[in-house]
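Student: After the structure tokens below, expect a handful of questions from me.
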Amino acid sequence: MSATASALVHTEGEANTSVARGIWNARVSDERTTSLVTRDADAFLHQSLSSPCLTAIAKAEGIWIEDTAGRRYMDFHGNSVHHIGYGHPRLKQAIKAQIDDLCFAPRRFTCEPAVELAETLGRLAPGDLGKVLFTTGGSDAIEVALRLARAATGRFKTLSFWDAFHGAGFGASSVGGEATFRSGIAGPLLPGAEHVAPWANRHCAYGQDTLEASARACASMVSYVLAREGDFAALVAEPMRATPNPPAPGFWKQVREACDRHGTLLIFDEIPTGLGKTGRFFACEHDDVVPDILVLGKALGGGILPIAGVVARRDLDVAGDYAIGHYTHEKNPVTTRAALTTISIIIEEGLAERAVELGAYAMERLSAFGERCEAIGDVRGRGLLFGVEIVRDRADFAPDNALAERAYYRCLEAGLSLKISGGNVMTLSPPLVITRQELDRALTIVEQSILAG
């Protein structure tokens, strides 16, 4: 019996099929917008979390997106590409200049921007991470990391967490843990892709009632599974779950030690959380743990061009006789110039430091609001990536998915786009260039959308 869309629990986000979505669709009355959304639905294959679309975007600038009806939304979702905002003038200028100078380089040739980007990431990355390969998307970069781990260890098994997202390709969705991407029609996935439950400060799968206790139990389970069969190539994980859910202090050091004991490589997926979003240039720096392979993407292209990358330990450069990436745009001068410029903007404009300052302010304000609002079970995050957990009451912190979804659409109506994670967590990921005034406006919208019940 095949799985139906209604049978799946969509932990990645809203799935296009709810009652609230139907109400939203009925309210879209602009003829140009409805025409374009209808054409989109007729032309594109339908899939959860994508087509049919919410609305049609005509402009994107700074923290704002604007639809074809002229409605503007502060974008606190942005598929995590918009760290420097949309259309950063310096980035656009650099891309235009690079197109005029050198628009493409075939894969078997090199060019200055590609080499400079690889060298830059090697300098910035922690530890001995210094060998690089570029792809056009995070899913492909994860699969490069998996191939490299196989080549380096001679093993094929992986360990990762349920409910994690690592991409939509067959390899990436195999190590991922979301039903939307790996159940029903996904069919047989990669063999040897094992999973354990993640840490959680609520409804912990290990039966714990604090984040610290849950993290200890989770780390113990990771160690147990790695030892049980002894032949895992890699553990693949986000250093901070982008739901968002930071780990307890010391968690990753325990996992790092377990990986070292059992000859398992540690792959950190920083595709949504790297490049300053959490307040450090690399999210793993919060926990003082260096992975063996680090994967970047999304914001690396500055919200304009697609580029992702793998940064590995230098001694893992062991697959020279094989093709582990072999992508057409592996050394594209335009995408690599975009990434170089994005990195420069993040560093020179102090955007990671800005994430620390504004993130602390937002967390303090939302936490104070949560003390007054019974519908909020938790406020958590790092830097400018934080979430508000919506619950029915605080007696058992049962999730209130329906209220979270109503609040989501109220936010859209009020001019704020965001994402729902895990069914009941309003996930807020503002661009790092946001002003304090804009952030206050957005937080007011969030608070009012929840209070409306």
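Student: Give me a count of the residues in region 191-225 that are in a loop (DSSP other than H, G, I, E, B) and either without any contact (Cβ under 8 Å) to a residue 12 or more places away in the chain or open to solvent by 70 Å² or more (accessible area, probe 1.4 Å) (or both).
Tutor: 7
The rows are residues; the columns are (1) at pLDDT below 95; (2) open to solvent by 40 Å² or more (accessible area, probe 1.4 Å); (3) part of a loop (DSSP other than H, G, I, E, B).
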{"site": "E405", "(1), (2), (3)": "yes, yes, no"}
{"site": "I420", "(1), (2), (3)": "yes, no, no"}
{"site": "G423", "(1), (2), (3)": "yes, no, yes"}
{"site": "T427", "(1), (2), (3)": "no, no, no"}
{"site": "P431", "(1), (2), (3)": "no, no, yes"}
{"site": "L439", "(1), (2), (3)": "no, no, no"}
{"site": "L443", "(1), (2), (3)": "no, no, no"}
{"site": "S449", "(1), (2), (3)": "no, no, no"}
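One line per residue, one yes/no per condition, for (1) out of contact with any Leu (no Cβ under 8 Å at 6 or more places or on another chain); (2) under 18 Å from E116 (Cα atoms):
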position	(1), (2)
G301	yes, yes
L305	yes, yes
G325	no, no
N332	yes, yes
G350	yes, no
Y361	no, no
E374	yes, no
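Student: State whether one or more residues within region 357-372 are touching a Phe, Trp or Tyr at 6+ places or on another chain (Cβ under 8 Å) and surrounded by fewer than 21 Cβ atoms within 10 Å (Cβ to Cβ).
Tutor: Yes: one or more hits.
Student: Could you tell me whether region 251-269 includes any residue that is more than 14 Å from I142 (Cβ to Cβ), of a type in the set (S, T, N, Q) and at pLDDT below 95?
Tutor: Checked region 251-269: no residue is more than 14 Å from I142 (Cβ to Cβ), of a type in the set (S, T, N, Q) and at pLDDT below 95.
Student: Also, quick follow-up: Which one is surrounded by the most Cβ atoms within 10 Å (Cβ to Cβ), of the residues in region 111-160 that are under 22 Å from the mean Cα position of the chain (by Cα) and in a loop (DSSP other than H, G, I, E, B)?
Tutor: The residue in question is A125.
Student: Mind listing whichever residues of region 241-262 are closer than 18 Å to H286 by Cβ and among the charged types (D, E, K, R)?
Tutor: The answer is R241, K253, R256, E257.
Student: Does at least one position in region 333-342 carry a residue that is surrounded by fewer than 22 Cβ atoms within 10 Å (Cβ to Cβ) and of a type in the set (S, T, N, Q)?
Tutor: No.
Student: Determine whether S29 is of a type in the set (G, A, S), assigned to a loop (DSSP other than H, G, I, E, B) and in contact (Cβ under 8 Å) with a residue 60 or more places away in the chain.
Tutor: Here the answer is no, as S29 does not meet what is asked.
Student: Please tell me if R382 is closer than 21 Å to H286 by Cβ, touching a Pro at 6+ places or on another chain (Cβ under 6 Å) and open to solvent by 40 Å² or more (accessible area, probe 1.4 Å).
Tutor: yes
The values are calculated or read from the model by the stated rules, or taken from the named source; none is laboratory data. Values in this document were obtained by computation on a predicted structure and should not be read as measured data. Please note: Cβ atoms are built from the backbone with ideal geometry, for glycine as well, and neighbour counts cover all protein chains shown. To get the accessible areas, we keep the full protein, side chains included, count just its heavy atoms, and leave off ligands, DNA and RNA. Shrake-Rupley method; radii C 1.70, N 1.55, O 1.52, S 1.80 Å.
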